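A short write-up of the structure that comes next.
Where a number appears in this text, it was derived from the coordinates with a stated rule and is not lab data. Quantities reported herein were computed from a predicted structural model and do not represent experimental measurements. When we count neighbours, we look across all protein chains shown, and the Cβ atoms used for this are built from the backbone with ideal geometry, even at glycine.
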């Protein structure tokens with residue numbers, strides 16, 4: 001008897017779940033620092049519900065995924081292949097990269113777009129232990145005055161923001177929570 005467990009954990013109602021998740025992801029990116037709930041997928045360990053839901057929503061056979069650190073395991077590979085068909089690529093070719101901050105470093109391993117095509121850059125999905133609305137001070141498009149968010153590697157993120165309009169975009173995930181940090185956001189360390 002075959003083990004169908006590796007194919008479980010996708011969306012129960014794919015069109016509806018994907019639409020909700022896509023809206024949550026785009027709203028998070030439009031409102032940097034806002035922590036939102038995103039769910040629908042039940043991915044294998046060590047992926048969080050939020051990270052798995054983002055991957056199912058944003059990836060398809062035309063989007064290369066780089067798995068960093070312990071996310072690169074047979075269960076995650078089989079699950080993503082079955083549900084998205086996305087190819088696995090090295091960091092330099094990734095449309096999406098997933099892992100813990102330390103496993104995703106250095107940021108200069110990823111595409112940052114070109115002046116003609118700034119959208120041809122990588123989006124990093126950073127798995128965190130928790131997301132907190134405190135810490136670094138965020139400002140820029142989509143933020144009324146300022147927002148606060150616990151961020152790893154503020155220096156690297158500030159360097160990425162200085163590349164604007166080039167640079168990477170980020171989703172931060174923990175459990176069923178997601179927050180985003182587009183490259184247009186300015187970041188200051190907490191005073």
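Principal-axis analysis of the Cα atoms of the chain puts helix 14-30 at an angle of about 10° to the longest axis. Taking only the C-alpha atoms of region 116-191, Rg followed by Dmax gives 12.1, 37 Å. Relative to the dominant Cα principal axis of the chain, helix 49-58 is inclined by about 90°.
When the P(r) of region 39-188 is calculated, the portion above 17 Å amounts to 59% of the C-alpha pairs. Take each peptide in 46-53, 129-136, count the other Cβ atoms within 10 Å of every residue, and average; sorted highest first, the result is 46-53, 129-136. Applying 0.36 nm per residue to the separation of residue 45 and residue 145 and subtracting their alpha-carbon distance, the gain on full extension is 32.3 nm. Does anyone have the angle between helix 74-84 and the longest principal axis of the chain? Alpha-carbon axes, 0 to 90°, nearest 10? For 74-84 against the chain, the angle is about 90 degrees. For the chain, adding -39500 (n - 2.57) for each run of n ≥ 4 DSSP H residues and dividing by the number of residues yields -8000 deg cm²/dmol at 222 nm.
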